[in-house]
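Visitor: Starting off with a structure, shown below.
Read the figures in this text as sums done on the coordinates, not as results from a lab. Computed from a prediction, not measured in an experiment: that's the story for all the values here. Quick reminder, even Gly has a Cβ in these numbers, built from the backbone with ideal geometry, and neighbours come from all protein chains shown.
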Amino acid sequence: MRIPFLSLFIASPFDGLMEHAAKVKECGWAFQQAVECYITKDCNTFDQLRTDVVNLETEADVIKRRIRGHLPKGTLMPVDKFQLFRYLKEQDNVLDAVEDALDWLSYRQEPGIPAELEKDIVLLVDSVIDPIEELHKMVMEAKKYFKSFSDKQRDIVKKIIANLRQQEHDADTQEDIIKQKVFYLNLDPVTVFHIIRLTETIGAIADHAENAGDMMRAMLAK
């Protein structure tokens, strides 16, 4: 039987991961609002929402550095330290993808997203918000597991990881729908390129969330 080493720590390394995941979740909400604002065309808060995302990403970087700096060499851990860092990197990549998507949108605010694709873009954004929110839940449940090493709790975390994989698949499907549709519309080449690149950047959010789930699965398998 495994000994719950985590109970020996004054502060769990998963506390920092949860704090970081909470910033990712906040970024997801701001991202969703920013895209919806961009699509309405008469919304004047897009730039502010984009700034909010940048500020949240900066705050998350501080948390990331704190996590890395408070795990000295030789410290006993219930998980491999490098697996923990790889997990953190993928969770942080979610933030980077969110920021990249808003940056890409900001480069071409006019004429915006074609009306025929507005609903599809909103559906794509919705599909990547679900895995963002699932990350925080996964870290919270994983923290419980690494305190107790309960098989029941392990199954809860594994179920969340399975959900992340399904959600990433759903986002891929929506991304493909947009890519297929854009070539059948009467759009200029620049707009086609802008939409294709946008869908890929938004889709990368779910990709990194799934990767984080895979890293968590590796930690569970230790």
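Visitor: Compute the length gained on full extension between GLU110 and SER148: take 0.36 nm times their separation in residues and subtract their Cα-Cα distance, giving the result in nm to one decimal. If you can, show how the numbers build up before the last one.
Guide: Working: separation 38, 0.36 × 38 = 13.68 nm, distance 5.40 nm.
Extra length available between GLU110 and SER148 comes to 8.3 nm.
Visitor: Please find the FRET efficiency linking ALA221 to THR173, where r is the Cβ-Cβ separation and R0 is fixed at 35 Å, and quote it to the nearest 0.05.
Guide: With R0 = 35 Å, the Cβ-Cβ based efficiency is 0.80.
Visitor: Within the chain, which is the longest segment containing none of the chymotrypsin sites (Phe, Trp or Tyr not before Pro) that sit in a DSSP loop and have at most 13 other Cβ atoms within 10 Å?
Guide: Result, exposed sites excluded: 1-106.
Visitor: Also, quick follow-up: Convex hull volume of the Cα atoms in the chain, per residue, in Å³? Each step should come with its number before you reach the end.
Guide: Values: hull volume 23.9 nm³, N = 222.
Residue-normalised Cα hull volume stands at 107 Å³.
Visitor: Sticking with this one: From Cα pairs below 8 angstrom and at least 6 apart in sequence, can you work out the relative contact order of the chain, rounded to a whole percent?
Guide: Value for the chain: 31 percent.
Visitor: Okay, moving on. Taking the alpha-carbon distance from LYS144 and a cut-off under 17 Å, which lysines remain once sequence neighbours fewer than 8 residues away in the same chain are dropped?
Guide: Straight-distance partners of LYS144: LYS152, LYS158, LYS159, LYS222.
Visitor: While we're looking at this one, here's another question. Taking LYS179 as the anchor, which lysines have their alpha carbon closer than 16 Å to its alpha carbon, excluding any fewer than eight residues away along the same chain?
Guide: Straight-distance partners of LYS179: LYS119.
Visitor: With a cut-off of 15 Å, note down the residues of segment 33-68 whose backbone N falls inside the zone around a label point 7 Å from the Cα of LEU187 toward its beta carbon.
Guide: Those under the cut-off are 39.
Visitor: Now for a separate question. Give me the dipole magnitude in Debye, nearest 20, for the chain about the Cα centre, with unit charges on the beta carbon: positive for Lys and Arg, negative for Asp and Glu.
Guide: 1580 debye
Visitor: While we're on this one: Could you calculate the contour length gain from LYS159 to ASP214, that is, 0.36 nm times the residue separation minus the distance between their Cα atoms, to one decimal place in nm? Please list the in-between numbers first.
Guide: On the way: separation 55, 0.36 × 55 = 19.80 nm, distance 1.21 nm.
Working it through step by step, the gained length comes to 18.6 nm.
Visitor: Taking neighbour counts of Cβ atoms within 10 Å as a proxy for exposure, in what order, fewest first, do MET215, MET140 appear? Numbers along the way, then the final one.
Guide: Working: MET215 20, MET140 16.
Sorted ascending by nearby Cβ count, the order is MET140, MET215.
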